[in-house]
Amino acid sequence: MISLISVNDIEEGTSRGLEVNNLHLFAVKKDAQVYLYWNRCPHLGTPLEWEEDRFLDPDGALIQCSTHGALFQIENGNCLAGPCKGKSLRAIPFLIDNGMIMLEETALRVPTPL
């Protein structure tokens, strides 16, 4: 198991970029739930954040891609608007153990090309 970050290190309504084994992920905490995704837009495979740890739109309601402004639902990664509408961010399975976000090593298999 790989220990990523404490759930308490992610403030409610914010996002956090993470790097594990040179792979880029990000977590979002909304309504006390944590969501974890690969940091790759399904349109071009580019990183999503426009500034360090800034993955959300100005209202904090959606994940927003910095390249073309695509908007994704936080809860399931579905693209609602933008060039990748109908596609989704790739979620990463995890568990929370003793307040820590934990991953199985197999969860870090590099996703296939978009």
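Tabulated results
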| quantity | calculated |
| --- | --- |
| Residue within segment 45-54 that is touching a His at 6+ places or on another chain (Cβ under 9 Å), in a loop (DSSP other than H, G, I, E, B) and among the hydroxyl-bearing types (S, T, Y) present | yes |
| Among residues of segment 59-73, those that are out of contact with any Leu (no Cβ under 9 Å at 6 or more places or on another chain) and either farther than 17 Å from D31 by Cα or not in a loop (DSSP other than H, G, I, E, B) (or both), counted | 1 |
| Restricting segment 20-75 to residues that are more than 14 Å from S88 (Cα to Cα) and among the acidic types (D, E), the residue that is surrounded by the most Cβ atoms within 10 Å (Cβ to Cβ) | E49 |
| Residues of segment 6-36 that turn out to be over 17 Å from D59 (Cα atoms), without any contact (Cβ under 8 Å) to a residue 40 or more places away in the chain and assigned to a strand (DSSP E or B), as a count | 5 |
| Positions within segment 82-114 being touching a strand residue (DSSP E or B) at 6+ places or on another chain (Cβ under 8 Å) and without any contact (Cβ under 8 Å) to a residue 12 or more places away in the chain, in sequence order | G86, L95 |
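Bear in mind these aren't lab numbers, they're just calculated from the coordinates by the rules spelled out. In this text, all values refer to a predicted model and were calculated from it rather than measured experimentally. Glycine also receives a Cβ, built like all others from the backbone with ideal geometry; neighbour counts cover every protein chain displayed.
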